[in-house]
Structures are given as structure tokens and as C-alpha cells.
Amino acid sequence: MLLIVGTVPDPSLPLLHGRVRLKNRELRVENQRLAVSRGTPALAAAATATLTQLGLHEVFVILAGDIGQGKGSRAVYQYLVSTLGHLSVDVLVFHYLQPDVDWHNKVLFAVDEMPRRPRLIADAGFMYAAKMSGQATAYDIFTPDRGELAFLADESAPHPFYTRGFLLHDHHSVADLVHQAYAHGDAPRWLVVKGETDYIADSGRIVASIAAPHWEPMEAIGGTGDSVTGILAALCAAQHDPLDACLLAALTNRWIGYIARPTPATQIAEFMDVLPEALVEAQRAGKERFKHGEG
């Protein structure tokens, strides 16, 4: 089972938990319909579309509405702490939650009580909390963009707002930032660094970079980074090994742009229609790439 945890920027949305369905470019959870836009809904939609293409359908979510005031995030944290110990989950993904070190640590304690430890993936706010708590190595995969990677690389920053500015300058390569993040224990074994070029790191070393196919307007569309994490989570739930899942997720997201040919006005929900085809193309392209020994 794949379980996705996060929030939606709608203060009226109550705590939701249940199986996800993707229909007519909307997410259906319990009796609620959620628009597929950036953030956790985009992640959940991409994961659902990917698993459906693979013939699997076990995507569940725990969600609540939160516009930055923390009420919805606290409701999710409380629910996680009270229920995780009773759940059997293959992959557990943490996404947009207001960073709270105390609650984060309580959630990790609850994970330790689960019947079997799931593969843990963190992005966005929960990734911040994991780093701030000093518990990044408890996870399997983080999926930062370059700015978030700079926060991971800054061992003294208690919050992304306080990342040392020089770490964001172009003379600090992704490889430098990856090395610094691992040197201080602020990264899990695997990183997928999302950007114009995507980088895969294993234990402090960049093992692959993916720059093609490239469709430039994808950079301006909100939610494309979230979709990478959703595809990755689904592939992990489908028993792909971590390196294969990271590579295939990055490639699939790029093929989505190549096939859909979006403009900056395109909405992330439209990509769900072409994701199955993109996954097939990425699988083919990946086999060709590594048959010829490319990293």
C-alpha cells in the first residue's frame, strides 16, 4: 500500500483519510472532490495515474486543509501518531505539512511501532522538519529542488529562511551541495534533486543526471516537481529498486512535457492524461540509455 500524507490549501477541508480515485482530472477521497493543482493533490494524482498504468490501485491519503496557520497540519500529525502503529504500508510519503520538529519526532516514533517499516519518502515541509530535527538519515529518499538542497547543505540553518545566501550562488554546484548535505547527516541515502537537470545521488555521490527530453515551459508550471515525487512513490510501491525508481520518475516527468507540449498556462491536471504514455516512453528510453552504459 502507498500512503501519501499532506495538506491542501483550503481551510474548509476536514481531515480526510481513505483510498484515492482519479476521475475527470479530479481526486476523489471519501465524499470530497479535490482539484488537481500543485502540492499534495498533484503528487497524489501522479502516483495514482502511475499505479493505475502498472495495474495497481492501492493509493491512500491522509489530508487536511491548511493555509499556513497550522491547524490542518496538527490534525494530520495527531492522526498519524494515533494510527500509524496499526497500519501496514509499503511506501509512506510525507509532503506539505507545516514543519514542527516535536510532531515530526512523534511521527517517527509511531513509524517505529508499525508492523513493518515502510520505505520513507519526504518532500517539501516534512523534509524541512526531518532535517531540522536531525533525523534525515531515518528516511530513504528526499526529493528537493536546488534551493531546498541548499537548506539541506547548510548544517547551521534551523529553517530554509536562514540558509546561508552564498550556498545559493551558481558557483556552488549541485555536487558541492550534495556533498555538504551528506557530510553533516542532513540527507538520506537517496536524493532526487529536481531542476532543469535532475540529479540522482546515492550516499553523497551523484550517480546519474537526466537532462533530456527537455521542454522549457515545464519549468514555469506549478506542480511538476510534485508529480516527480508522486511517480517515484508509485514506482517504489510497485517494488522498483530505489535507483531505478528515481531514474524512471525523472525520465517520466520529462516525457510528460515532451508529449504534452505544454505552455506556461497549462495546468498540472492535464498531464495526468499523458502520464501513462510518458511512463512507457521513459521505460523504453531508460533501457536504451543504460544498455549503452550512460549514467
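The values are calculated or read from the model by the stated rules, or taken from the named source; none is laboratory data. Keep in mind that what you see is a predicted model, and the values were worked out from it rather than measured. When we count neighbours, we look across all protein chains shown, and the Cβ atoms used for this are built from the backbone with ideal geometry, even at glycine. To get the accessible areas, we keep the full protein, side chains included, count just its heavy atoms, and leave off ligands, DNA and RNA. Shrake-Rupley method; radii C 1.70, N 1.55, O 1.52, S 1.80 Å.
Listed here are the residues, each with its yes/no results for (1) crowded, with 19+ Cβ neighbours inside 10 Å; (2) modelled with pLDDT under 95.
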site: 94; (1), (2): yes, no
site: 114; (1), (2): no, no
site: 124; (1), (2): yes, yes
site: 137; (1), (2): no, no
site: 153; (1), (2): yes, yes
site: 168; (1), (2): no, yes
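For residue 23, work out the one condition from (1) open to solvent by less than 20 Å² (accessible area, probe 1.4 Å); (2) at pLDDT below 95 it doesn't fulfil.
Of the numbered conditions (1) open to solvent by less than 20 Å² (accessible area, probe 1.4 Å); (2) at pLDDT below 95, the odd one out for residue 23 is (1).
Do you know which residues across the range 27-42 are touching a Pro at 6+ places or on another chain (Cβ under 9 Å), open to solvent by less than 60 Å² (accessible area, probe 1.4 Å) and over 15 Å from residue 5 (Cα atoms)?
Those that are touching a Pro at 6+ places or on another chain (Cβ under 9 Å), open to solvent by less than 60 Å² (accessible area, probe 1.4 Å) and over 15 Å from residue 5 (Cα atoms): 32, 37.
Of all residues in the range 229-250 being open to solvent by 10 Å² or more (accessible area, probe 1.4 Å) and touching a helix residue (DSSP H, G or I) at 6+ places or on another chain (Cβ under 8 Å), which is nearest to residue 202 (Cα to Cα)? I'd like the intermediate steps shown before the answer.
If we filter the range 229-250 for residues that are open to solvent by 10 Å² or more (accessible area, probe 1.4 Å), which is where we start, we get 237-244, 247-248.
Next, only the ones that are touching a helix residue (DSSP H, G or I) at 6+ places or on another chain (Cβ under 8 Å) stay: 237-238, 240, 242, 244, 247-248.
Values: 237: 19, 238: 20, 240: 16, 242: 10, 244: 12, 247: 12, 248: 15 Å.
If we take residues in the range 229-250 being open to solvent by 10 Å² or more (accessible area, probe 1.4 Å) and touching a helix residue (DSSP H, G or I) at 6+ places or on another chain (Cβ under 8 Å), then 242 is nearest to residue 202 (Cα to Cα).
Does residue 55 satisfy the condition of being at positive phi, outside any helix (DSSP H, G or I) and either touching a residue at least 40 places away in the same chain (Cβ under 8 Å) or open to solvent by 60 Å² or more (accessible area, probe 1.4 Å) (or both)?
no
So that you can scan it fast, the table gives a plain yes or no per residue for (1) without any contact (Cβ under 8 Å) to a residue 24 or more places away in the chain; (2) in contact with a Pro (Cβ under 7 Å, 6 or more places away or on another chain); (3) not in a loop (DSSP other than H, G, I, E, B); (4) not basic (Lys, Arg):
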| position | (1), (2), (3), (4) |
| --- | --- |
| 48 | no, no, yes, yes |
| 75 | no, no, yes, yes |
| 92 | no, yes, yes, yes |
| 99 | no, no, no, yes |
| 110 | no, no, yes, yes |
| 121 | no, no, yes, yes |
| 147 | yes, no, yes, yes |
| 151 | yes, yes, yes, yes |
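Residues that are under 19 Å from the mean Cα position of the chain (by Cα) and farther than 20 Å from residue 120 by Cα: find the helices (runs of 4 or more DSSP H) completely inside the range 200-295 holding 2 or more of those. Step through it out loud before you land on a result.
On the way: elements: 224-237, 242-260, 275-291.
In the range 200-295, 242-260, 275-291 are the helices (runs of 4 or more DSSP H) which contain 2 or more residues that are under 19 Å from the mean Cα position of the chain (by Cα) and farther than 20 Å from residue 120 by Cα.
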